[in-house]
1. To make sure I understand the rule: partners must be lysines, Cα under 26 Å from the Cα of Lys2, and not fewer than 8 residues away in the same chain. Which ones qualify?
2. Using 0.36 nm per residue, how much length does the chain from Val62 to Trp149 gain when fully extended, once their Cα-Cα distance is taken away?
3. If you average the sequence gap of Cα pairs under 8 Å that are 6 or more apart and divide by the length of the range 53-197, what percent do you get for the contact order?
4. So which residue, out of Ala168, Ala203, Ala71, gets the largest mean-square fluctuation from a GNM of the chain using Cα contacts under 10 Å as springs?
5. Pick out, from Ala227, Tyr47, Gly63, the residue whose Cα sits farthest towards the positive end of the charge dipole of the range 2-266, with +1 on the Cβ of Lys and Arg and -1 on the Cβ of Asp and Glu.
6. What's the center-to-center distance, using Cα atoms, between the range 142-162 and the range 211-267 in Å?
7. Ranked highest first by the average count of other Cβ atoms within 10 Å around their residues, in what order do 58-69, 143-154 fall?
8. Looking at His242, Phe180, Ser255, which one has the Cα that reaches farthest to the positive end of the dipole of the range 2-266 (charges on Cβ: Lys, Arg +1; Asp, Glu -1)?
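Please treat every number below as a calculation from the coordinates, not as lab data. Because the structure is predicted, anything quoted here is derived from the model rather than measured. Note that we place each Cβ from the backbone using ideal geometry, even for glycine, and neighbour counts take in every protein chain shown.
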Amino acid sequence: MKELAIDGGTLAYEEQGSGPLVVLVPGLGDLRQEYRFLAPRLAEAGYRAVSVDLRGHGESSVGWPSYSRKALGSDLLALIDQLGGGPAILVGNSFAAAGAVWAAAERPGAVDGLVLIGPFVLPQPPRPALRLLMRALFSGPWKVAAWTWYFGTLFPARKPDDFAAYRAALRANLAEPGRFEAVRSMLLSDEPEIAERLGDVEAPTLVVMGTEDPDFGDPADEARRLAAGLRGEVALVQGAGHYPHSEMPGETSASILDFLARVRHAA
């Protein structure tokens with residue numbers, strides 16, 4: 001594990017392989033080990049795969065002044081600078097996809113490709129009842145248990161063989177002081193202006209979506225709408241949920257590696 005010190009705290013990251021830089025960013029409430037199946041495949045294919053913990057998550061520090069998507073995007077640009085200035089391909093899951101979009105829009109020269117997995121980038125329809133439920137579910141003394149239960153519902157086809165051990169490690173991490181506060185701050189944040197930056201993104205983009213992702217009413221339509229806004233392409237993983245790179249790593253990795261090869265060739 002390595003650390004990047006920036007204003008407000010430190011970010012934990014690790015790397016495998018050598019070659020073009022690919023930065024792997026997990027979703028909120030998860031760990032950088034989310035990419036434990038994808039990162040080795042990238043390294044074997046000739047990439048430098050760097051997995052980073054979000055602010056307040058994993059082995060990154062807690063107590064940050066902001067847990068916004070813009071802050072995450074600035075973290076990614078700082079990490080790219082520390083790793084040699086890039087350009088890098090950013091792989092962002094869920095909440096992190098919006099941070100990756102912001103980074104690509106803010107500094108196009110630092111990002112030469114985006115892979116957005118189960119991305120929360122476009123504004124979602126108002127669901128006040130659900131928002132109230134989420135506040136209640138993730139605010140009481142049961143919050144960590146509730147989150148890790150919810151985490152388990154996001155794998156509709158199959159759970160990874162190491163799922164029980166992984167969820168136990170995630171639960172232990174989120175129980176540490178300050179960690180769930182980071183999750184809740186991200187979960188309740190609202191930054192629709194991120195979607196307004198889509199036209200500023202120059203990097204080729206792949207939107208990866210599980211067709212059974214329970215976080216979206218129509219996952220395929222969500223993927224196509226975002227890809228259209230970014231002039232990108234879509235890879236649908238049939239039957240997968242919010243984490244297709246963990247649930248169906250072979251099929252998902254193949255789509256991502258094909259896209260990276262084409263980005264690499266074009267560069």
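1. Cα-Cα hits under 26 Å: Lys70.
2. On the way: separation 87, 0.36 × 87 = 31.32 nm, distance 2.31 nm.
Net length gain for the segment: 29.0 nm.
3. Details: 159 pairs, mean separation 42.2, N = 145.
After rounding, I find 29 percent.
4. Between Ala168, Ala203, Ala71, it is Ala168 that shows the largest mean-square fluctuation.
5. About the Cα centre, the residue reaching furthest to the positive side is Gly63.
6. 21 Å
7. Numbers: 58-69: 18.6, 143-154: 16.4.
Going by the mean number of other Cβ atoms within 10 Å, highest first, we get 58-69, 143-154.
8. Of the options given, the answer is Phe180.
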